[in-house]
Amino acid sequence: MIVHMSKIEIAGPRELLESVLSLLRDRGILEIEPSTIGFIEKKDELYIDSFILDNSTLSEKMFLEDLRRRIDELLSYLPRSALRTCFIEPRTIIDSFNETLQQHLPACRKLHRAKEELQAEQTDLSRFNIVLDAVEPLLEDMKEGPALDFIGLTLKDPESETMLRKALLKLTENKYELRTITASDGTTVGLIALHKNTSDVIKRALSDKNIPELKFPPSISDLPFVEKISFIRKKILDISDELDVINMQLDSFSQKWGAIYSRVKEWTEDRLSLFKTSASAFVTRLCFFIYGWMASEDVHRIREELISKFEGKVVLEEMEIQEEDLDRMPVVLKNPLYFKPFELFTKILPLPRYTSYDPTPFLGIFFPVFFGIILGDAGYGIIIIIVSFFLLKKYKKNETVQDAAKILVIAALYTIIFGILYGEFFGELGHDLFGLKPVLIERRTSVIPMLYFAITVGVVHILLGSILGLISALRKKTKKEALFKFLHILFILCMLSLVASLFGFFPALLTRPIVLAILFITPFLFFTGGLLAPLEVLKSIGNIISYARIMAIGLTSVLLAYVANRLAGMTGDVIIGIVVAGLLHLLNIVIGVFSPTIHTLRLHYVEFFSKFIESGGKKFEPLKKEEEYHENKPS
């Protein structure tokens, strides 16, 4: 239901503005209106100005903004970790925190930069790991000597190795050794052992043949090949140790100071939010004025709290709501316990206008009924209830799952009720096992009566929506629209009566008067609804016919249950029959949950709500203290 809202004015001495805003923010029930339209008369605007920060307050604001920026930077350097709760009140010692921050920030910045440089170097060296892992086993197989040199290289394909061996044979007079191995990334790595005197010649030849030699950092270019490998291995380990030391220092700092700085940041943001909110207040030389919207049920409580806390110096008054205020009035939806879960479906829709209706109660009433009419199997309803209670127990902290499970429980109860009325328990299994018989109708053999029933449901549902639309037009005092909606309802009733008389449901004598009534109403429809009025009537008739899906989808479910039981009997084996029937019934239950849900929602969203729900409502956004969660960047 849409909560009744009040238009309020809060006034008091100018020096109490910050304290009043702080109280209102803690309560979180007032949406401040930054505009004077509808609150201050034109003649009074000369004496009232928007609140402007004085020099001292402006200086404090600039100081806090800079402080928050520096704290954000410091916290970004710290590792992500769960911080303890800090209860320090920074107001009285904010200057001390600022001085401490001036020492801590450069130190953490220095550690962070050192960490980034080491990580960059580690990344650069880590690309050698794959090659080194492949080369080291080759070195173990080759004999080292003072006159030997080693050349590492990568080969593109087997042909490169053949070409390389021919070149080495010619250039070294067969005084070389070449070993190859496939690295973990699929690259073919080679290692050449040869005399130092021919090393430079071979390197130039490799370059000419476009065979890439393993490139090491320039700083170790003068070292022998074996020492290069050892150096890189040791350097990688040293960098890892240095990073561990820096991470330990940052982690230790975070454990000691992280919670404190997070608390200071939270307090700083609270103060800055008050400064920002102050801009929505209005002041004279001595007083302040706050205008806004509040749930009517909260007005008395807040008025008494303001009087008590500020010794009668601050007052709250309800202002008269003008017709033009209704378009700006924020909307809050609040429903009783039964209807509350159905807000899950309402959230899909745009917010209704303040003068319209909350769709939630209508969904709470009709959705489970339509669901039960369509599925209508007592056995399926029992299974759905069991699954729903499992979901309620399993996902206690997931609000969406909880709401969905509660809706399913209600819908399943109606499914059981209609299952008894239809005489269905896993199809006709209930009749075979314990003689369950239809109380109302047997759907499988009564297609036409079920079609009439579905259309009747559509007539009632659409006419209810049209009547609610008429009431809305009367409340808005739009006479022409109200007359059109009234004539629209009469026209539909006449058309339905005409169809009923043609099919023999009404006496044939009524046909002529009904036709005359239709001819009489039609010109007035054009006058009140314009040239598109007939299309609106046809649309409503089409909407009613679309309720035939209730019969069609329900019949599909019945037939699938019937097929499941027949197939189980045809298997000739009890175990196989149970498995086959169980799988088909399970499929039917899954379809029976999703299909009625989708089509029932469509009947509400498209056919029903379009008759009376007006969208475009303004969301209620009260002034409140937002919860802050400190989350540092990952290390």
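Structure data summary
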quantity	calculated
When residues of the range 524-546 are limited to those that are among the small types (Gly, Ala, Ser) and more than 36 Å from the chain's Cα centre (by Cα), the one nearest to ARG602 (Cα to Cα)	ALA533
Members of the range 269-282 found to be of a type in the set (A, V, I, L, M) and surrounded by fewer than 17 Cβ atoms within 10 Å (Cβ to Cβ), listed by number	LEU272, ALA279
Restricting the range 201-216 to residues that are of a type in the set (A, V, I, L, M) and in a loop (DSSP other than H, G, I, E, B), the residue that is farthest from THR123 (Cα to Cα)	ILE211
Residue list for the range 49-64, filter: loosely packed, with under 13 Cβ neighbours inside 10 Å and modelled with pLDDT of 70 or more	LEU58, SER59, MET62
Residue that is nearest to the chain's Cα centre (by Cα), among those in the range 233-288 that are aromatic (Phe, Trp, Tyr) and assigned to a helix (DSSP H, G or I)	TRP267
Residues of the range 354-368 satisfying the condition of being closer than 20 Å to GLU607 by Cβ and in a loop (DSSP other than H, G, I, E, B)	SER356, TYR357, ASP358
Criterion (in contact with a helix residue (DSSP H, G or I) (Cβ under 6 Å, 6 or more places away or on another chain) and either at pLDDT 75 or above or within 16 Å of SER126 (Cα to Cα) (or both)) met by exactly one of ILE236, ILE192	ILE236
Pairs, first crowded, with 17+ Cβ neighbours inside 10 Å and aromatic (Phe, Trp, Tyr) in the range 142-170, second modelled with pLDDT of 75 or more and outside any helix (DSSP H, G or I), C-beta under 7 Å, six or more apart	PHE150/LEU191; PHE150/ILE192; PHE150/ALA193
Members of the range 491-529 found to be of a type in the set (Gly, Ala, Ser) and either out of contact with any Ser or Thr (no Cβ under 7 Å at 6 or more places or on another chain) or in contact (Cβ under 8 Å) with a residue 12 or more places away in the chain (or both), listed by number	SER497, ALA500, SER501, GLY504, ALA517, GLY529
Lone qualifier among PHE389, PHE342, PHE371 - being part of a helix (DSSP H, G or I), more than 30 Å from GLU305 (Cα to Cα) and touching a Leu at 6+ places or on another chain (Cβ under 8 Å)	PHE342
Some residue of the range 408-424 being buried (at least 20 other Cβ atoms within 10 Å of the Cβ), over 16 Å from VAL593 (Cβ atoms), assigned by TED's automatic domain parsing to the domain that holds LEU363 and at pLDDT below 90	no
Selection from the range 530-572 of residues that are surrounded by 14 or more Cβ atoms within 10 Å (Cβ to Cβ), over 14 Å from LEU493 (Cα atoms) and among the small types (Gly, Ala, Ser)	ALA533, SER546, ALA548, ALA552, GLY554, SER557, ALA561, ALA564, ALA568
Residue check, ALA482 assigned by TED's automatic domain parsing to the domain that holds VAL590 and either buried (at least 19 other Cβ atoms within 10 Å of the Cβ) or under 30 Å from VAL593 (Cα atoms) (or both)	yes
In the range 581-635, residue modelled with the highest pLDDT [restricted to those that are in contact with a Pro (Cβ under 9 Å, 6 or more places away or on another chain), closer than 30 Å to SER252 by Cα and surrounded by 16 or more Cβ atoms within 10 Å (Cβ to Cβ)]	ASN632
The one condition in (1) in contact (Cβ under 8 Å) with a residue 40 or more places away in the chain; (2) surrounded by fewer than 18 Cβ atoms within 10 Å (Cβ to Cβ); (3) over 30 Å from GLU18 (Cα atoms) that LEU351 fails to fulfil	(2)
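Yes/no per residue for (1) surrounded by fewer than 20 Cβ atoms within 10 Å (Cβ to Cβ); (2) in contact (Cβ under 8 Å) with a residue 40 or more places away in the chain; (3) closer than 25 Å to GLU60 by Cβ:
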{"residue": "LYS228", "(1), (2), (3)": "no, no, no"}
{"residue": "LYS235", "(1), (2), (3)": "yes, yes, no"}
{"residue": "SER262", "(1), (2), (3)": "no, yes, yes"}
{"residue": "VAL315", "(1), (2), (3)": "yes, yes, no"}
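The values are calculated or read from the model by the stated rules, or taken from the named source; none is laboratory data. These numbers come from a predicted model, not from an experiment. Reconstructed Cβ throughout: ideal geometry from the backbone, glycine too, with neighbour counts over all protein chains shown.
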